[in-house]
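Peer 1: What follows is a structure written as structure tokens; I'll ask about it next.
The values are calculated or read from the model by the stated rules, or taken from the named source; none is laboratory data. The shown structure was predicted, so the numbers you read here are calculated from the model rather than taken from an experiment. Note that each Cβ is placed from the backbone with ideal geometry, even for glycine, and that neighbours are counted across all protein chains shown.
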Amino acid sequence: MERINYTHIKNDPLTDIHYFMDEKIVVSILKREAPIDYENALANYKLIYEVSNAEEIVVLFDGRNLNFEYIPKEVFSCMANNEYNRKFKKFAIIYSGLPQKLMAGLFTTLHKPHFSTKLFSNVNEAFKWLGTSNAQSIIEKTGITL
């Protein structure tokens, strides 16, 4: 099987997943009105695991489409530690307002992810923290908004 430098999975119910093999980075963009439950969260991490061939990666999660209906605590536990995210080195969470920042802060404080996690309102700062050398190209390819 031939490997390519970029893979895009857009049929996942939760996120659009973009994997850049050369940079070892996944950009995961939460879809509007995504059905957030444990099964979908775990399936999302499994897709990331498979697309990255279980290699060590960094992840930028764009959670700006998150609305604040009930999110089960088992989803947060799944996000923090599951069988598919053990190779995450860093996890940057993009938020767009105080409610999302508070929710992400609760995630990092209460569920203590096993990987280094940081919150950002600025996409470029998140890419810098993740150590990405080609942020502009990734931004263009994923369509992530600044």
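Peer 1: Would you check which residues across the stretch 127-144 are in contact (Cβ under 8 Å) with a residue 24 or more places away in the chain and either in a helix (DSSP H, G or I) or in contact with a helix residue (DSSP H, G or I) (Cβ under 8 Å, 6 or more places away or on another chain) (or both) and list them?
Peer 2: If the condition is that a residue be in contact (Cβ under 8 Å) with a residue 24 or more places away in the chain and either in a helix (DSSP H, G or I) or in contact with a helix residue (DSSP H, G or I) (Cβ under 8 Å, 6 or more places away or on another chain) (or both), then F127, W129, L130, T132, I138, K141, T142, I144 are the ones that fit.
Peer 1: Which of the residues belonging to the stretch 90-126 are touching a helix residue (DSSP H, G or I) at 6+ places or on another chain (Cβ under 6 Å), outside any helix (DSSP H, G or I), among the aromatic types (F, W, Y) and over 11 Å from L60 (Cβ atoms)?
Peer 2: Residue satisfying the conditions is Y95 alone.
Peer 1: So, one more: Here is a list: I29, I36, I17. Which entry is touching a residue at least 24 places away in the same chain (Cβ under 8 Å), in a loop (DSSP other than H, G, I, E, B), in contact with a helix residue (DSSP H, G or I) (Cβ under 9 Å, 6 or more places away or on another chain) and crowded, with 18+ Cβ neighbours inside 10 Å?
Peer 2: Every option except I36 fails the conditions.
Peer 1: Also, I was wondering about something else. Scanning for something of a type in the set (G, A, S), touching a helix residue (DSSP H, G or I) at 6+ places or on another chain (Cβ under 6 Å) and not in a strand (DSSP E or B), does the stretch 46-59 turn up at least one residue?
Peer 2: No, because not a single residue in the stretch 46-59 is of a type in the set (G, A, S), touching a helix residue (DSSP H, G or I) at 6+ places or on another chain (Cβ under 6 Å) and not in a strand (DSSP E or B).
Peer 1: Exactly one of these conditions fails for K89: (1) of a type outside the set (S, T, N, Q); (2) closer than 21 Å to K128 by Cα; (3) out of contact with any Asp or Glu (no Cβ under 9 Å at 6 or more places or on another chain); (4) surrounded by fewer than 21 Cβ atoms within 10 Å (Cβ to Cβ). Give me its number.
Peer 2: (3)
Peer 1: Identify the residue in the stretch 56-84 that is among the acidic types (D, E) and under 17 Å from H114 (Cβ atoms) and, among all such residues, is nearest to the chain's Cα centre (by Cα).
Peer 2: Ranking the qualifying residues of the stretch 56-84, first place goes to E56.
Peer 1: Right, next: Going by what's in this entry, would T7 be described as modelled with pLDDT of 90 or more and surrounded by fewer than 18 Cβ atoms within 10 Å (Cβ to Cβ)?
Peer 2: yes
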